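Take a look at the structure set out below.
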Amino acid sequence: MSEAPKKEESKQKIVGQPLDRVDGRLKVTGGARYAAEFTVPNMLYGVLVQSTVANGRARRIDTSAAQRAPGVIAVITHANMPPVERPSNPPSGESIPLLDPQVRYSGQNLAVVVANTFEQAEHAAALVHIEYDAQAPSVDMEARLKDAFTPQTGNRPAESKRGDYAAAVKSAPPRVEQVYRTPTEHHNPMEPHATIAMWRGNKLTVYDATQGVANVADNLAELFGLEDDDVHVIDPFVGGGFGCKGQSWPHTPLAAMAARAVGRPVKIVLTRKQMFTSNGHRPETRQATTLGAGADGKLTAIAHHAYGHTSQADEFMEPTGSPVGMLYSCANVEIQHKLVRLNIGAPTYMRAPGESSGSFSIETAMDELAASLGVDPIELRLRNYAEIDESTGHPFSSKSLRACYSRAAEAFGWAKRNPKPRSMRDGRWLVGYGMATATYPANYRPAGAKAIMLADGSVQILCGTQDLGTGTYTILTQIAAETLGVAPQNVRVMIGDSRYPRAPTSGGSCSATSTGSAVQAAAQALRGRLIGYTAQDEASPLWNVKSSEIETKDGRLSAKSDPSKTVTYADVMKRYGRRSVEQEAFARPGIERGPAAGGAPTGTEPADKGKSQAYSMHGFGAQFCEVRVDPELGIIRLARWTGAFALGKVLNAKTLRSQLEGGIIWGIGMGLQEETLMDHRYGRFVNTNLAEYHVPVNADVPPIELILVEEEDKLVSPIGAKGAGEIGITGAAAAIGNAVYHATGKRIRALPITLDKLL
Ligand code: MOS
């Protein structure tokens, strides 16, 4: 991947190495404890009762039978709910009241049953009898487009433009004018949402399955009117999040409310079916896309007019236009997003919100343009290559997209493609090659961390971040080990606790850059302090050696010029009689970066909002795939995949590859399988289980070849890396659709691309 480093140097470098997950053993032995797996003394079980209609009012909630059922301690409804503060600007993913007789969507929480055992609570929940005044639900976005409105509250702008789109399309008729659609999707992490809440007086402790312990703590403090220090949120391991754990949903405060009402700890775990109700989803989108271009393929005009659905009380916008505005050089661009309110739960961020769904439209449209002009799809993209981010006018902090295209094309064997659709076959199967561009913002948000040296020379790192299963524990271990010059096995990383130094929600692919930089800063400060101790000590072998002349390696401090002058960290600690020495540091973006560009808001947005942003920061990649399509049956199989990505410095080659593979597999699901289906009569999602909500299984995933293009970007973050959690999904569905077009000559503009659409 890069030139072979000198041997001595390679021994020293820990960051970048494909270190196995430091939490791997705990995970495979069952030692990693997830939120629902904690038990606390005296704990009760809560089960949610949810609405079965999508629009109307719960006229009567009869809890008498449930209250008489064995083991039941309490049944809480809107009528007997303890009061909570109503935040002025609701921080939760869903701004409707926790329990409310007004029903705005199917699956809305109407009651919580608390019992001695889970089985008792579940049985009693089935005995809660609800009578509704129900009205016909409005759940058809397409039928309500005329009622659409422009959202005001999103964290990305709903409208943007440059040049004069209208004039540009008037002077030359558009070459592509199509509507692209993406369906409602649900996150479905393996670990469902779960909360255990317990009160001691006015102090609240919560185990919660979340992407942001600090954010959950903030929300609970606000709802219950508590001091920040009185809320403690713990989540050492997270079984996937993908955005649905990026905000907190009603079940978390409901567990706390129930625990307060009954005076005992309460655990609520959502069922897989409930994971399709009150905890977010990717909204359906309708993206009308127009491309104007000269005969040479140079873009002259781009329009992206998108609709998405939102709930009755929220304004969540899937920013599909985000990649459209920055991906290509084009003088005249017009981007609009509108929302349609439906009787549906609040939608939310889902892995690469905007970039995954928006890249499907723009990258399919580019393929359509290439086909209509007879220009190679890669060549078309190179002719429109954006040298700067024209949506902001700022230069890119780094952009290695040309290398991604060429390296991936070379490895994939793109040159062997006959551009004519239906021209390539393997036996009875039609063969198609497709490609698309991948991109995602390179986010970096304020984060704190503490580094502690213990008496034996081992290191503890405390950081209020969380590991979604992506490798956060591991990369923080590597960064601390390398910065301090100790072995990774002598570093213990402790995260997932709101009492640790505050770190952002693990969303928007920001954790590696943000917490990595904070840990590096804390470790540097600790190293400096310990060097300071020893350099000022007349009895130390390093007395009077300048700190810049001291190197730290293998748990030792040594003079660079004279390796015999050396002392171990443990010796330093002993000499000073210290059981521990700690340094806390706070890393935050400077003025080279403007407001956060993507993903869930984290509660630690850049402090320099409003100041001029000097650089546009994004990761880039190129996705190539080969499909086989059965010409009679329409069956689509992926044969192979090649992706090249440039994401700044590699922190761990193994976990990075896993992130990218995982993202591509999500893209395969998005392209071919994932879709939550709505029953329009009842306003209810129907395939609310993993048997009918299809995600790729191993047999659906072809061999994936990954190429990591060398890059280092210290403008993005002091550690030189860009986040990798989301970019793998972007462009993937378009690459599949483009390959299906190449194989069959049929253009499918609505995801997922299923065989019925091909026949
Ligand atoms: Mo991610 S969808 O920003 O958790």
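Quick notes on this one:
- Residue in the stretch 316-323 that is of a type in the set (D, E, K, R), crowded, with 24+ Cβ neighbours inside 10 Å and outside any helix (DSSP H, G or I) present: yes
- With respect to the stated conditions, Asn155 fails to be out of contact with any Leu (no Cβ under 8 Å at 6 or more places or on another chain), of a type outside the set (A, V, I, L, M) and assigned to a helix (DSSP H, G or I).
- Check on Ala214, more than 16 Å from the ligand (Cβ to nearest atom), at pLDDT 95 or above, touching a Gly at 6+ places or on another chain (Cβ under 6 Å) and assigned to a helix (DSSP H, G or I): no
- Any strands (runs of 3 or more DSSP E) falling wholly within the stretch 1-95 and containing at least 2 residues that are of a type in the set (Val, Ile, Thr) and at pLDDT 95 or above: 44-50, 72-77
- Within the set Tyr576, Tyr569, the sole residue that is under 11 Å from Leu530 (Cα atoms), surrounded by fewer than 16 Cβ atoms within 10 Å (Cβ to Cβ) and in the same structural domain as Arg502 (by TED's automatic domain parsing) turns out to be Tyr576.
- Here Gly603 meets each of (1) over 28 Å from Ala481 (Cα atoms); (2) at pLDDT 95 or above; (3) within 16 Å of the ligand (Cβ to nearest atom) with one exception, condition (2).
- Residue that is nearest to the ligand (Cβ to nearest atom) [pool: residues in the stretch 221-249 that are crowded, with 23+ Cβ neighbours inside 10 Å and charged (D, E, K, R)]: Lys245
- Some residue of the stretch 304-321 being touching a Pro at 6+ places or on another chain (Cβ under 8 Å) and of a type in the set (Gly, Ala, Ser): yes
- Among (1) away from the ligand (no atom under 16 Å from the Cβ); (2) surrounded by 24 or more Cβ atoms within 10 Å (Cβ to Cβ), the one test that Gln466 misses: (1)
- Only one of the listed residues (Glu185, Glu191) is within 15 Å of the ligand (Cβ to nearest atom), closer than 27 Å to Cys463 by Cα, modelled with pLDDT of 95 or more and surrounded by 18 or more Cβ atoms within 10 Å (Cβ to Cβ). That residue is Glu191.
- Screening the stretch 497-526 for residues that are part of a loop (DSSP other than H, G, I, E, B) and away from the ligand (no atom under 16 Å from the Cβ) and picking the one that is surrounded by the fewest Cβ atoms within 10 Å (Cβ to Cβ) gives Arg499.
- Boolean, Gly297 is farther than 30 Å from Lys146 by Cα, touching a Lys or Arg at 6+ places or on another chain (Cβ under 9 Å), crowded, with 21+ Cβ neighbours inside 10 Å and of a type in the set (Gly, Ala, Ser): yes
- Tally of residues being under 20 Å from Leu26 (Cβ atoms) and either acidic (Asp, Glu) or buried (at least 21 other Cβ atoms within 10 Å of the Cβ) (or both) across the stretch 480-496: 6
- Meets criteria (in the same structural domain as Gly634 (by TED's automatic domain parsing), small (Gly, Ala, Ser), crowded, with 18+ Cβ neighbours inside 10 Å and touching a residue at least 60 places away in the same chain (Cβ under 8 Å)) for Ser372: no
- Pick from the stretch 266-284, criterion surrounded by fewer than 24 Cβ atoms within 10 Å (Cβ to Cβ) and assigned to a loop (DSSP other than H, G, I, E, B), ranking: nearest to the ligand (Cβ to nearest atom): Leu270
- For Ser558: the one exception among (1) more than 36 Å from the chain's Cα centre (by Cα); (2) surrounded by 24 or more Cβ atoms within 10 Å (Cβ to Cβ); (3) among the small types (Gly, Ala, Ser): (2)
- Residues of the stretch 302-359 classified as away from the ligand (no atom under 16 Å from the Cβ) and assigned by TED's automatic domain parsing to the domain that holds Ile388, total: 0
- Gly432 meets all of the listed conditions (1) under 24 Å from Lys574 (Cα atoms); (2) surrounded by 22 or more Cβ atoms within 10 Å (Cβ to Cβ); (3) more than 25 Å from the chain's Cα centre (by Cα) but one, namely (1).
The values are calculated or read from the model by the stated rules, or taken from the named source; none is laboratory data. Given the structure is predicted, the values throughout are model-derived calculations rather than measurements. With ideal geometry, Cβ positions are generated from the backbone for all residues, glycine too; neighbour counts draw on all protein chains shown.
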